[in-house]
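Notes follow once the structure below has been shown.
The values are calculated or read from the model by the stated rules, or taken from the named source; none is laboratory data. The model shown is predicted, which means the values in this text are computed figures rather than measured ones. Methodologically, a virtual Cβ is constructed for each residue, glycine included, from the backbone with ideal geometry; neighbour enumeration extends over all protein chains shown.
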Amino acid sequence: MALMPADSVAEARLGSLQGWVQPVLAVIGPDLYGDSIETRQRSTSFGFVAVLCMVAAIALLLVVEGHGAGRRGDAAMAMLWFWSGVVLLVVPISLRVAWPQVARGERFFLLFLLVEALFYYKVVHSPTSFVGHDEFLHWIAAADLMTAHKLFLSNPLLQVGPSYLALEIVTAAIADLSGLSIFAAGTLLLAVLKGTFITALFLFYEKISGSARIAAIGCLVYMSCSTFVLFESMFSYESLGLVFCALIFSIEAASQHLVGAPRLRAVGLIVLLLSALALTHHLSAAYAVIYLGAVAVFEALRRDNPLRSETKYTAFVAIFAIALPLIWMEIRGTHIVNYLGPVVEEGVKNLLGKFHHLFADRPVISDASAPAQPFGMRAITLFAILFTAVGLATGFFRSLALAAPRGDRTGRLAIKDVLGRRWRESRLVFLALLAFGFPISVAFRLSIGGWEIGNRMGTLAFFGVGVVVAVGVVHYWQRRSPQSWRNIVPALALSIIVLGGVTSASLNPIQGRYKVGADEQSIEPMGIETALWTKRWLGPGNRFTSDRINRLLLAGYGRQDARVAVADGVDAGRIFRAEQLDSDAYWALANGPIDFLLIDLRLSTALPVLGFYFEPWEPRSAAPLSAEALLKFDGIEGITRIYDNGFIVIYDVRGLHGHS
Amino acid sequence: MGIHSNKDLSAACAWATAMVAVVAVTDSTLLRTILGGPMVLLISGHVVLRAFGVRSTSLPEHLAYAVGASLATGIAGGLVLNALDILTPLGWAAWFWIVTVGASLLTTIRHEDSDLPSWPRPTGLRLWHGITFAIAVLITTGAYALAVRDEADQQQFKYVEFWMLPPVNAGTDRLTIGVRNAEPKTERFNLEVTLSGRPFAIFRSLTLAPGDTWTREIPVPVQSTAQKAEARLYRQDDNRLYRSVSALVPGT
């Protein structure tokens with residue numbers, strides 16, 4: 001065997017490495033292969049639109065049938081009907097939207113159809129009432145507003161609620177003027193908000209990318225955000241806040257080429273919307289601060305800026321975005337850090353803990369109380385994450401190249417321009433960097449404590465993810481004059497990405513039997529009837545405490561003053577979980593404001609699905625609560641059991657106060 | 001080609017005036033929804049955009065901005081009406097009327113050219129497209145009705161509610177006792193009431209069909225010290241104790 005010289009070996013290795021690296025660079029590289037197919041004038045195919053409307057209607061009927069079967073306890077049929085409906089709803093429309101040769105108007109209409117169909121999908125889960133935890137909080141606030149004809153009433157279940165009442169104000173306006181119920185008025189409002197959001201997002205992406213096709217695909221990708229399908233369709237302040245954000249981003253992007261009075265008018269409209277946003281939702285206002293602040297910074301950094309006034313305008317808007325929420329918080333005396341701080345702290349702690357276990361030389365302690373999803377749902381979510389990651393990898397440098405100054409300099413030269421702070425579109429550069437929030441948000445979602453942070457991060461990060469993946473699809477996967485597989489495969493992958501938005505939105509989206517500690521799956525007619533009983537026989541406004549679900553029902557349906565704490569520093573959970581009523585608990589009941597305790601004995605039948613019975617911060621239980629612990633109030637002098645239906649018991653503790 | 005006229009402003013003012021009239025004189029939900037919904041969600045924003053002089057390049061863009069401006073107008077209205085203590089239906093109607101008429105006047109005085117984006121003309125739309133769309137709407141509406149029916153039919157738990165309210169809730173010197181049958185079949189009960197452990201009242205053979213409620217107010221003697229009243233519900237079939245509730249009768 002002949003010996004090879006060392007430099008030959010090195011050369012051979014380098015050659016092999018280059019042979020390996022070149023295809024990878026070609027995949028992620030900045031070369032733009034797409035053309036301006038979408039800019040060619042095409043007419044809408046009404047045939048496709050009509051057929052897809054019919055398909056969506058049939059799909060929604062299947063979803064409703066799935067819920068019906070779930071309510072009847074037929075889990076197998078429920079799964080079959082429901083998921084058939086979801087696939088039939090998402091896949092055909094996504095395929096058509098992502099298809100290269102489709103008219104702009106048709107893409108836009110189909111996106112609108114899909115987003116409203118997904119909203120319908122959310123509403124038919126509970127077609128006559130709100131069932132989400134946060135929905136109850138805002139429903140109660142809206143009902144209080146309409147009853148008292150006053151704003152800023154205290155909300156014991158949402159401390160910051162009185163400072164962010166915009167959703168309730170608009171809902172009250174619709175309900176007062178129309179005579180509709182709060183549920184009907186809120187649902188009408190949300191339907192309009194969903195349509196407005198997707199319109200604003202489409203226009204935003206179109207303005208910064210110059211392509212309706214990229215805009216439409218970007219909107220599809222945004223729908224895969226875990227908060228889009230359910231969380232941002234809820235009767236909750238972020239649903240309105242996010243719409244304001246999308247509108248502000250869209251108007252700001254559209255106004256960048258205006259000068260003089262038209263520009264000032266656009267800025268005036270942005271300031272109006274920023275003012276409304278400041279009163280709507282703290283976190284959405286923070287999204288606007290991050291985005292507008294970053295755009296201002298990138299404009300300031302940008303070299304060869306032909307319009308230096310652009311820097312001044314973006315800085316001016318960013319100052320308003322920062323100042324208005326701060327002024328509102330100052331006026332209201334809201335301490336948002338106290339509200340959000342513990343959530344962020346817990347999330348970061350959990351994430352660090354995960355990494356610590358991952359790299360430590362000891363077994364990973366699995367979180368026993370982590371709620372589980374069916375395998376199929378988890379598989380779709382994982383594939384959606386995988387495809388999104390691939391889309392990001394192929395779209396990141398291409399997005400930067402797209403943001404570079406147009407001219408002869410393409411490919412790596414375009415990236416060199418961007419690195420030299422020469423770009424055409426600051427917004428696109430920032431969104432490309434923002435897409436890095438996606439893997440971080442996924443990492444946060446791996447732990448229960450960090451799940452909420454990951455979710456909220458995703459909402460902002462997906463503004464970047466959407467456009468970056470869309471650029472990857474158009475400029476790498478589909479390319480110019482696409483072959484048939486390049487039409488079908490990326491479109492199918494996008495369908496799965498959108499399906500991932502449905503599967504990652506909730507643990508189990510199908511209506512079914514009552515479950516313990518499962519938020520909307522714990523709300524059923526008997527609990528509602530009991531809450532209504534309290535309003536009818538005790539009157540509204542009594543001070544109650546109970547578990548997380550019954551508190552919502554008492555406050556919502558019963559119009560009671562439902563409280564988390566029995567007395568200062570003593571949560572209801574501590575009193576309910578204890579086997580005996582010790583002297584501290586007795587003292588809290590005797591001297592605290594609570595008049596009634598509502599005990600749900602069903603809590604003793606299972607561990608809570610979400611991991612907690614009363615509040616997220618309570619210690620995780622290894623076994624269900626005992627019925628004896630829950631019924632320990634029997635026989636205590638001064639406490640009487642005034643209501644019993646075999647599952648739910650109400651105790652009157654006013655005798656301890658010496659009032660009754 | 002845009003639309004150059006102020007007819008839209010005249011129409012918005014007429015709409016706002018009609019809405020005020022309807023809110024003032026009728027409780028018709030349909031009429032009020034038809035007039036009030038678009039006012040809160042679109043029309044007020046449209047006139048505000050006109051007053052601002054913000055131009056848009058397409059109809060979806062104009063509609064999206066108009067919705068945003070309407071929402072902001074509504075939020076501002078909430079603050080103003082709250083300050084004036086008239087957060088009522090008529091207060092809302094007045095607010096939107098003032099905004100609509102005021103913004104329209106401002107636009108007219110400033111001689112703002114509307115230049116609204118034109119409505120797109122659909123080409124290639126056939127009858128069968130319309131019929132298919134109508135059928136899709138019917139299916140979706142029917143599916144919603146089905147969902148409402150399924151929800152109304154859901155009754156996982158079967159139960160009987162039993163309660164006793166103390167004088168502080170039932171009325172001076174009396175207790176209220178109630179039974180409601182939420183079982184799917186007729187139930188028969190015997191009911192026994194004691195006061196400080198002594199028999200006080202008995203009700204036999206209470207027959208309750210599904211959904212029926214039985215209530216009774218019982219006068220109680222008030223003594224110098226508090227007394228504990230207890231009520232026990234027995235199933236007539238086996239005479240076993242089924243439920244028990246209690247209440248305090250305060251002393252003088």
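Observations, loosely collected:
- Only one entry of B:Ala209, B:Ala170, B:Ala229 meets the criterion of being in contact with a strand residue (DSSP E or B) (Cβ under 9 Å, 6 or more places away or on another chain) and exposed (fewer than 14 other Cβ atoms within 10 Å of the Cβ), and that entry is B:Ala209.
- The residues of the stretch A:114-142 that are in contact with an Asp or Glu (Cβ under 7 Å, 6 or more places away or on another chain), away from every other protein chain (no Cβ under 12 Å) and in contact (Cβ under 8 Å) with a residue 60 or more places away in the chain, listed by number, are A:Gly132, A:His133, A:His138.
- Verdict on A:Thr171 being among the hydroxyl-bearing types (Ser, Thr, Tyr), buried (at least 24 other Cβ atoms within 10 Å of the Cβ) and assigned to a helix (DSSP H, G or I): yes
- Within the stretch A:273-305, restricting attention to residues that are crowded, with 21+ Cβ neighbours inside 10 Å and outside any helix (DSSP H, G or I), the residue that is nearest to the other protein chains (Cβ to nearest Cβ) is A:Leu279.
- Residue match in the stretch B:183-192 (condition: modelled with pLDDT under 95, under 31 Å from the mean Cα position of the chain (by Cα) and either surrounded by 12 or more Cβ atoms within 10 Å (Cβ to Cβ) or farther than 26 Å from A:Pro525 by Cα (or both)): yes
Condition check ((1) over 30 Å from A:Val502 (Cβ atoms); (2) out of contact with any helix residue (DSSP H, G or I) (no Cβ under 6 Å at 6 or more places or on another chain); (3) modelled with pLDDT of 90 or more; (4) surrounded by 15 or more Cβ atoms within 10 Å (Cβ to Cβ)) across all residues:
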position: A:Ala379; (1), (2), (3), (4): no, yes, yes, no
position: A:Phe383; (1), (2), (3), (4): no, no, yes, yes
position: A:Val390; (1), (2), (3), (4): no, yes, yes, yes
position: A:Leu400; (1), (2), (3), (4): yes, no, yes, yes
position: A:Ala403; (1), (2), (3), (4): yes, no, yes, yes
position: A:Gly411; (1), (2), (3), (4): yes, yes, no, yes
position: A:Lys416; (1), (2), (3), (4): yes, yes, no, no
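- Remark: pairs (first residue in the stretch A:559-575, within 22 Å of A:Asp144 (Cβ to Cβ); second residue basic (Lys, Arg) and in a strand (DSSP E or B); Cβ separation under 6 Å; 6+ apart in sequence or on different chains) = A:Asp561/A:Arg543.
- The test for being within 20 Å of B:Ala152 (Cβ to Cβ), of a type in the set (A, V, I, L, M, F, W, C) and buried (at least 24 other Cβ atoms within 10 Å of the Cβ) does not hold for A:Leu532.
A quick yes/no check of all residues on (1) at pLDDT 90 or above; (2) assigned by TED's automatic domain parsing to the domain that holds A:Thr227; (3) of a type in the set (Gly, Ala, Ser); (4) closer than 24 Å to B:Leu248 by Cβ:
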{"position": "A:Asn508", "(1), (2), (3), (4)": "no, no, no, no"}
{"position": "A:Tyr514", "(1), (2), (3), (4)": "yes, no, no, no"}
{"position": "A:Asp547", "(1), (2), (3), (4)": "yes, no, no, no"}
{"position": "A:Tyr557", "(1), (2), (3), (4)": "yes, no, no, no"}
{"position": "A:Ile575", "(1), (2), (3), (4)": "yes, no, no, yes"}
{"position": "A:Ser583", "(1), (2), (3), (4)": "no, no, yes, yes"}
{"position": "A:Glu615", "(1), (2), (3), (4)": "no, no, no, no"}
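- The residues on offer are A:Leu158, A:Leu145, A:Leu177, and the sole one that is away from every other protein chain (no Cβ under 11 Å), among the aliphatic types (A, V, I, L, M), closer than 22 Å to B:Leu79 by Cα and free of Cβ contacts under 8 Å to residues at least 40 places away in the same chain is A:Leu158.
- Checking A:Ser604, A:Ser583 one by one, the residue that is surrounded by 17 or more Cβ atoms within 10 Å (Cβ to Cβ) and free of Cβ contacts under 8 Å to residues at least 40 places away in the same chain is A:Ser604 and no other.
- Filtered by the rule that a residue be surrounded by 12 or more Cβ atoms within 10 Å (Cβ to Cβ), at the interface with chain A (Cβ under 8 Å from one of its Cβ atoms) and of a type in the set (A, V, I, L, M, F, W, C), the stretch B:115-136 gives B:Leu125, B:Phe133, B:Ile135, B:Ala136.
- Residues (within 12 Å of chain B (Cβ to nearest Cβ) and surrounded by fewer than 24 Cβ atoms within 10 Å (Cβ to Cβ)) located in the stretch A:219-254: A:Ala253, A:Ala254
- Taken as a whole, the condition of being part of a helix (DSSP H, G or I) and more than 9 Å from every other protein chain (Cβ to nearest Cβ) does not apply to A:Ala200.
- Residue count, the stretch A:643-660 (criterion: under 41 Å from the mean Cα position of the chain (by Cα), assigned to a loop (DSSP other than H, G, I, E, B), within 10 Å of chain B (Cβ to nearest Cβ) and crowded, with 20+ Cβ neighbours inside 10 Å): 1
- Evaluation of B:His4 against (1) at pLDDT below 95; (2) within 23 Å of A:Thr199 (Cβ to Cβ); (3) more than 10 Å from chain A (Cβ to nearest Cβ) (one fails), failing number: (2)
- Scanning the stretch B:94-113 for residues that are within 11 Å of another protein chain (Cβ to nearest Cβ) and acidic (Asp, Glu) yields one hit, B:Glu112.
- Counting only residues that are touching a helix residue (DSSP H, G or I) at 6+ places or on another chain (Cβ under 6 Å), outside any loop (DSSP other than H, G, I, E, B) and in contact (Cβ under 8 Å) with a residue 40 or more places away in the chain, the stretch B:46-72 holds 5 of them.
- Yes/no for A:Ser546 being under 24 Å from A:Leu610 (Cα atoms), over 25 Å from the mean Cα position of the chain (by Cα) and either buried (at least 19 other Cβ atoms within 10 Å of the Cβ) or not acidic (Asp, Glu) (or both): yes
- Subset tally (residues that are under 11 Å from A:Asn645 (Cβ atoms) and not polar (S, T, N, Q)) for the stretch B:140-182: 10
- Residue in the stretch A:559-577 that is within 14 Å of chain B (Cβ to nearest Cβ) and surrounded by fewer than 22 Cβ atoms within 10 Å (Cβ to Cβ) present: no
- Cβ-Cβ contacts under 8 Å between residues 6 or more apart (or on different chains), taken from a first residue in the stretch B:73-93 that is more than 8 Å from chain A (Cβ to nearest Cβ) to a second residue that is of a type in the set (S, T, N, Q) and buried (at least 22 other Cβ atoms within 10 Å of the Cβ), are listed as B:Thr73/B:Ser44.
- Within the stretch A:33-49, one or more residues are touching a Pro at 6+ places or on another chain (Cβ under 6 Å) and either outside any loop (DSSP other than H, G, I, E, B) or within 30 Å of A:Arg412 (Cα to Cα) (or both).
For (1) under 22 Å from A:Leu230 (Cβ atoms); (2) aliphatic (A, V, I, L, M), each residue gets a yes or a no:
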{"residue": "A:Thr128", "(1), (2)": "yes, no"}
{"residue": "A:His133", "(1), (2)": "yes, no"}
{"residue": "A:Ala143", "(1), (2)": "no, yes"}
{"residue": "A:Lys150", "(1), (2)": "no, no"}
{"residue": "A:Gln159", "(1), (2)": "no, no"}
{"residue": "A:Pro162", "(1), (2)": "no, no"}
{"residue": "A:Ala166", "(1), (2)": "yes, yes"}
{"residue": "A:Asp176", "(1), (2)": "no, no"}
{"residue": "A:Leu188", "(1), (2)": "yes, yes"}
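- From the list A:Ile319, A:Ile331, A:Ile270, the one residue that fits, being of a type outside the set (Gly, Ala, Ser), without any contact (Cβ under 8 Å) to a residue 24 or more places away in the chain and within 14 Å of chain B (Cβ to nearest Cβ), is A:Ile331.
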